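Student: Sharing a structure with you now.
The values are calculated or read from the model by the stated rules, or taken from the named source; none is laboratory data. Quick caveat: nothing in here was measured; it's all calculated off a predicted structure. Note: ideal-geometry Cβ built from the backbone for every residue, glycine included; neighbour counts use all protein chains shown.
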Amino acid sequence: MNDTHEHIVKQYDSELHRLTGEIMRMGELAISQLGDAMDVLQRRDSTAAKRVIANDSTIDALEHEVSHDVIRLLALRQPMARDLREVLAALRIASDIERIGDYASNAAKRSLALNESPAIAMVPGLNALARMATDMLREVLAAYRDRDETRAMIVRARDAELDALYTGLFRELLTYMAEDPRSISSAIHVMFIAKNLERVGDHATNIAESIWFIVHGTPLLDEREKRDFTTAPIRA
């Protein structure tokens, strides 16, 4: 009986480890996709942009695999307590990463539209926004791998900094459009790319909160600090 129980525990641990591995693989692909999307935007490379868009299906397929594994674990293992939290959090985290992959794909699609218009000067803040969003994702994945809620909370706190950077970039683009109306169409595409990057930070924050839930078994009750003021009136 003891040998049987030990075998079941080891098998279950192996399945959880596999689930974590699938999510880490998804995260690595999402990080790669974000970097590639920004690269093709800079180089105005439509062929490479189409590859980024096509590669999104790989992340989608991995999310389906995670969902399948979660359903199987719930049905066959009937996990309880922390084990149940691990499985449910995996499902949520996979969904967050899938959305991040969508944002990278959307950015690549916007770059295709931008390539049909005369080149505009890329605002420096866009690259800074991309770097911060990607770094947040990389850090929160490491926190998930190690189940490190302290590291996860650092990522969560950085979301306000990303919001502030996005707000500054948004207002810079408004000024750019006001000064050169010919740039409005292209600048709007850049604005949507910037919003996609800001949303990457939101999903990285969601992952951080899922890590907290895994470790502590309770949701975070304090609201996130938000510094996205793009819907507020702009004062001179």
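So that you can scan it fast, the table gives a plain yes or no per residue for (1) within 19 Å of Ile188 (Cβ to Cβ); (2) in a helix (DSSP H, G or I); (3) of a type in the set (Ser, Thr, Tyr); (4) touching a helix residue (DSSP H, G or I) at 6+ places or on another chain (Cβ under 8 Å):
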residue	(1), (2), (3), (4)
Gln33	no, yes, no, yes
Ile59	no, yes, no, yes
Val87	no, yes, no, yes
Arg92	no, yes, no, yes
Tyr103	yes, yes, yes, yes
Asn127	yes, yes, no, yes
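Student: Considering only residues of segment 62-76 that are among the hydrophobic types (A, V, I, L, M, F, W, C) and over 21 Å from Arg138 (Cα atoms), which is surrounded by the fewest Cβ atoms within 10 Å (Cβ to Cβ)?
Tutor: Restricting to residues being among the hydrophobic types (A, V, I, L, M, F, W, C) and over 21 Å from Arg138 (Cα atoms), the top hit is Ala75.
Student: Somewhere in segment 62-74, is a residue assigned to a helix (DSSP H, G or I), in contact with an Asp or Glu (Cβ under 9 Å, 6 or more places away or on another chain) and more than 23 Å from Ala204 (Cβ to Cβ)?
Tutor: Yes, segment 62-74 has at least one match.
Student: Scan segment 131-153 and tell me whether some residue there is in contact with an Asp or Glu (Cβ under 6 Å, 6 or more places away or on another chain) and at pLDDT 95 or above.
Tutor: no
Student: Also: Tell me which residues, restricted to segment 115-130, are modelled with pLDDT of 90 or more and within 21 Å of the chain's Cα centre (by Cα).
Tutor: Once the filter is applied, which keeps residues that are modelled with pLDDT of 90 or more and within 21 Å of the chain's Cα centre (by Cα), segment 115-130 yields Leu126, Asn127, Ala128, Leu129, Ala130.
Student: Something else about it: What is the residue count in segment 80-96 for residues that are of a type outside the set (Gly, Ala, Ser) and either closer than 30 Å to Leu197 by Cβ or surrounded by 18 or more Cβ atoms within 10 Å (Cβ to Cβ) (or both)?
Tutor: 8
Student: For segment 129-138, does any single residue satisfy the condition of being free of Cβ contacts under 8 Å to residues at least 40 places away in the same chain, surrounded by fewer than 16 Cβ atoms within 10 Å (Cβ to Cβ), closer than 30 Å to Leu74 by Cβ and out of contact with any Pro (no Cβ under 8 Å at 6 or more places or on another chain)?
Tutor: Checking segment 129-138: not a single residue is free of Cβ contacts under 8 Å to residues at least 40 places away in the same chain, surrounded by fewer than 16 Cβ atoms within 10 Å (Cβ to Cβ), closer than 30 Å to Leu74 by Cβ and out of contact with any Pro (no Cβ under 8 Å at 6 or more places or on another chain).
Per-residue answers, yes or no, for (1) part of a helix (DSSP H, G or I); (2) more than 20 Å from Gly35 (Cα to Cα); (3) free of Cβ contacts under 8 Å to residues at least 40 places away in the same chain; (4) touching a Leu at 6+ places or on another chain (Cβ under 7 Å):
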{"residue": "Glu172", "(1), (2), (3), (4)": "yes, yes, no, no"}
{"residue": "Ser183", "(1), (2), (3), (4)": "yes, yes, no, no"}
{"residue": "Ala187", "(1), (2), (3), (4)": "yes, yes, no, yes"}
{"residue": "Thr205", "(1), (2), (3), (4)": "yes, no, no, no"}
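Student: Are any of the residues in segment 91-113 out of contact with any Cys (no Cβ under 7 Å at 6 or more places or on another chain) and free of Cβ contacts under 8 Å to residues at least 24 places away in the same chain?
Tutor: There is no residue in segment 91-113 that is out of contact with any Cys (no Cβ under 7 Å at 6 or more places or on another chain) and free of Cβ contacts under 8 Å to residues at least 24 places away in the same chain.
Student: In this structure, is Val215 of a type in the set (A, V, I, L, M), buried (at least 22 other Cβ atoms within 10 Å of the Cβ) and assigned to a helix (DSSP H, G or I)?
Tutor: Judged against the criteria, Val215 is not a match.
Student: Restricting attention to segment 12-62, and to residues there that are free of Cβ contacts under 8 Å to residues at least 24 places away in the same chain and of a type in the set (A, V, I, L, M, F, W, C), which single residue is farthest from Ile93 (Cα to Cα)?
Tutor: Ala48
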